[in-house]
Structure formats: structure tokens, C-alpha cells
Amino acid sequence: MKILYKLLLVVIFITFQSCSKDKKEISQIKETNQEMEMISTYTEGLNNINRGEYFYAAKKFLESELLFPQSAWAAKSALMASYAYYIDGYYPEAIFNLERYIKTYPKDKRLNYAHFLLAMSHYQTIVDEKKDLEPLITAKNKFEFVVKNYPNTDFALDSKFKINLIDDILASKEMYLGRFYIKKEKWIPAINRFKNILNNYETTIYAEEAIHRLVEIHYRIGLLEESKKYANLLGYNYLSSDWYKRSYKVFNKSYKTKIIKKDKKEKKGIIKKFRKLFE
């Protein structure tokens with residue numbers, strides 16, 4: 001009886017081991033098939049990109065990610081989908097997918113590129129920089145994140161350049177409003193706009209004019225010491241500039257206010273220069 005019992009246990013054990021082995025082999029086969037299918041789908045995405053069919057490429061890359069989310073290819077597929085959306089001009093989709101990628105794959109080695117592409121996507125959502133500054137400011141914040149967190153990369157260098165371009169556009173907005181307030185003889189709002197350029201956009205092409213306007217306005221409202229202070233600042237930094245010559249004339253009886261009308265061309269030039277980066 002004991003011998004029969006032992007034999008029964010052996011049979012059960014062998015059967016269990018056999019089933020376990022079969023299940024393991026089936027699991028491995030299934031996993032291999034999933035990976036092969038994922039690679040095939042990813043390749044289809046690349047082929048679509050080569051044909052210029054970026055929207056369909058994005059769909060294939062997302063499909064590839066879903067087929068085998070545990071694979072190392074999943075993160076790459078998600079990022080490639082974002083890239084395809086960006087190239088095809090689907091910026092909201094690119095932004096959504098990039099934000100999802102950053103949350104889902106926080107340790108992926110391509111995060112620096114993802115953050116850079118996210119900044120570029122936000123910049124491209126600008127419709128009218130005169131009316132809506134939010135995309136510009138958001139893009140600037142994203143570029144600053146790249147500079148801060150990935151300082152030794154090519155993305156950081158490119159981000160610094162783009163931050164300067166964005167600052168030029170933001171400063172041009174302040175300059176436009178400042179000139180408008182001068183025409184309306186609203187001196188305090190005008191002063192605030194020009195001071196904002198000096199405080200936040202001092203490296204832009206509008207800094208010289210902003211200082212001159214402060215010389216001009218303070219002289220007009222009778223604050224001569226303040227006017228001289230800004231004139232000295234302009235002379236110290238831009239002694240040979242035309243704006244310094246104009247400020248020098250402020251203290252001369254023959255001085256006449258002249259409003260420079262180059263702003264629109266300057267802004268168009270900056271925007272055009274920036275857009276060339278995406279052509």
C-alpha cells in the first residue's frame with residue numbers, strides 16, 4: 001500500500017513538472033512571437049517615415065509600443081511616434097505623446113531629446129505672437145529646462161539659441177506697447193514697459209532703445225537726474241550707437257522726438273529666422 005502511494009506521488013510530480021515545462025515553453029514562444037511582431041510593426045513605421053507618410057508612421061509606432069510594452073523597444077517606439085507627429089505638423093498630438101512618454105519611461109536614455117522636442121512642439125503651436133504669448137512663454141520654460149538639466153548636450157546649445165530668439169520676440173512686444181504709450185502720453189505705463197525690457201530682456205536688440213526711451217520720458221516729465229542716469233548707462237554700454245546720439249540730443253534745445261518705425265521689420269526678421277530652423 002505504501003509502495004503504491006509513493007508511485008502515485010511520483011506520477012503526480014512528473015505530470016506537474018511536465019505541465020509546468022509546457023507552460024513555460026508556450027510562454028516563451030508567445031513572448032518571442034510578440035517581439036517579432038513588434039519589430040515588424042516598428043519597421044513598418046520606419047518605412048512610412050521614409051515615404052513621407054508621417055501620420056501613418058506614428059500610428060505604427062504606437063501599435064509597436066502596445067504589442068510589447070515590457071520591451072526596450074517600447075520607449076523608442078513611443079518617442080518615434082512623437083517625432084512623426086511633430087514632422088507632420090500634429091503638434092498637440094506630439095505634445096500629448098511626449099508628455100506621456102516622459103511619465104511612462106522616466107529612466108529612458110533619450111529623455112533629453114524628448115524634452116527638447118517638447119519645447120519645439122510648444123513653439124510651433126504659436127498662431128499669433130501679438131495676441132497669444134502663452135505658447136512662447138511655455139516653449140521658453142521648456143527650453144530652459146533642457147539647458148538646466150542637460151547642460152553638456154547639443155540640445156542645450158540649440159535651446160540657448162532659441163531662448164534668445166524668443167526673448168527678442170517678447171521684448172519686441174514690450175517695445176511696441178511702450179511706444180504706443182508714448183504716443184498716448186501715458187508715461188508711467190511706458191516707463192514700466194521699457195524697464196521690463198532692461199530687467200528681463202537686456203541682451204536683446206531692444207535694450208539700447210529701451211534705455212533711450214527712459215532718458216527721453218524722464219526728461220519730458222521733469223525728472224532730469226533720472227534722465228541723466230539712464231543717459232550715462234546708455235553711454236557706458238553703447239557709446240558709439242545711434243541711440244546714444246539721440247539721447248545726447250535730449251539735453252539740447254533743438255531735440256525733437258523721433259519714433260523709429262523698424263519694429264515690424266525687425267520682428268518679422270526674427271520670426272523668419274526662427275522658422276528657418278524647421279524648414
Against the globular-protein guess of 2.2 N^0.38 Å, express the Cα radius of gyration of region 30-90 as a ratio, rounded to two decimals.
1.04
Put a dot 7 Å past each Cα toward the Cβ at Met36 and Phe180; how far apart are the dots in nm?
6.6 nm
What is the distance in Å between the Cα centres of region 137-182 and region 196-210?
13 Å
Quote the charge dipole size of region 30-90 about the Cα centre in Debye, to the nearest 20; the model charges only the Cβ of Lys and Arg (+1) and of Asp and Glu (-1).
100 debye
Gain on full stretching of the segment that runs from Lys109 to Ala72 - 0.36 nm per residue minus C-alpha separation:
12.2 nm
Extension gain Glu53-Asn164, at 0.36 nm per residue separation less the Cα-Cα distance, in nm?
36.6 nm
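FYI, it's all coordinate maths here, none of it is from the lab. Values in this document were obtained by computation on a predicted structure and should not be read as measured data. Cβ atoms come from the backbone with ideal geometry, glycine included; neighbour counts cover every protein chain shown.
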